[in-house]
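Encoded as structure tokens, the structure appears first; notes follow it.
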Amino acid sequence: MMGFKGRVQGAVRCICITGTAVLWGCSPRPAGDAGNLSPGPAQHSQLANRIPFFRDRLTSPNVAVRYELMLNIGENLPLPEAEKVLRAMMKDPDAAIRDQAVRRLLAVGCPVRPSELPPLFAGVDRADSKALADFRDKLRGTPKSQPGRENESLENNISAPGAAAGYAAQLLGVLGDETDIPRLEALLNRENIYVRFTAANALINLGAEESGRKALTAIADAKSIPDNYFYIRQALLNLHRMGDRNALANLASHLKSIESSAEPNARSNYVQGLKALACLTGTWKNSASEWQESLPGR
């Protein structure tokens, strides 16, 4: 089975989750209120035909079936339906599914309050104050409760180079506290856009909304190159979630800039962007050009 790091990378590449954070009332078993799945815009006829497929698997008593659905849900449902399913799976009877559902929501910047976390998350029993404190210190790169064992701290901590710091920031956004805000703000100066994106969303989760909003705005204005497409799109969708009235128009402008590109990453992000706009507005349009005509903004 693919390791966690590979699954997170897959989530970052292929899952687009947007829309208002809708919490489902979830029964203990099986996960979620699958009856709330809706087909989305009428033009998504293939999706409408597949809704029973997803309902059956979301409510399957087979853990492997539900886990596979959770891993692939972002590619198979337009949004915000994918977010609804993942939030339902946060209450799944299986601990591994609950854990991965939270991680996938965090990977794309969906807000998750600490009170929403399952009791056991990232291998830590949140009711065990010492274990939680130890894990926080490892994420910070400062294992104070284990003097002399600094080299045994987590490989992924916010002092680490590259994407490892982003992984730590993602977890600190739900397991950390207000003392982590300066640490996360320091990550906003990193070159790695994934690190900046996760730090921005972690700041929002911890209540530092202004810092997080400014960081997302900067990411939305980042250079339009293949490695940035996902983060530009998702930053704009998260800004829309926060009430930015121009975010969807700016997303249409971004999609227009990659509309004619034959680069595979551009095409994938273009299609995901059109789906997101359709789900958020209830209207389907065939191109970014059409969206630009109908949405006010820059």
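Using only the C-alpha atoms, the convex hull of segment 149-298 corresponds to 115 Å³ per residue. Computed from the C-beta positions of Glu259 and Glu68 and an R0 of 25 Å, the FRET efficiency is 0.15 to the nearest 0.05. Pairs over the 18 Å Cα-Cα cut-off, from the set Lys138/Lys214; Lys91/Lys138; Lys223/Lys256: Lys138/Lys214; Lys91/Lys138.
Among Asp92, Asp177, the order by Cβ neighbours within 10 angstrom, fewest to most, reads Asp177, Asp92. Reported to the nearest whole Å, the Cα centre-to-centre distance from segment 196-214 to segment 54-130 is 22.
Each reported figure results from applying straightforward, stated rules to the coordinates on display, with no laboratory input. Nothing here was measured: the structure is a model prediction, and the numbers come from that model. Methodologically, a virtual Cβ is constructed for each residue, glycine included, from the backbone with ideal geometry; neighbour enumeration extends over all protein chains shown.
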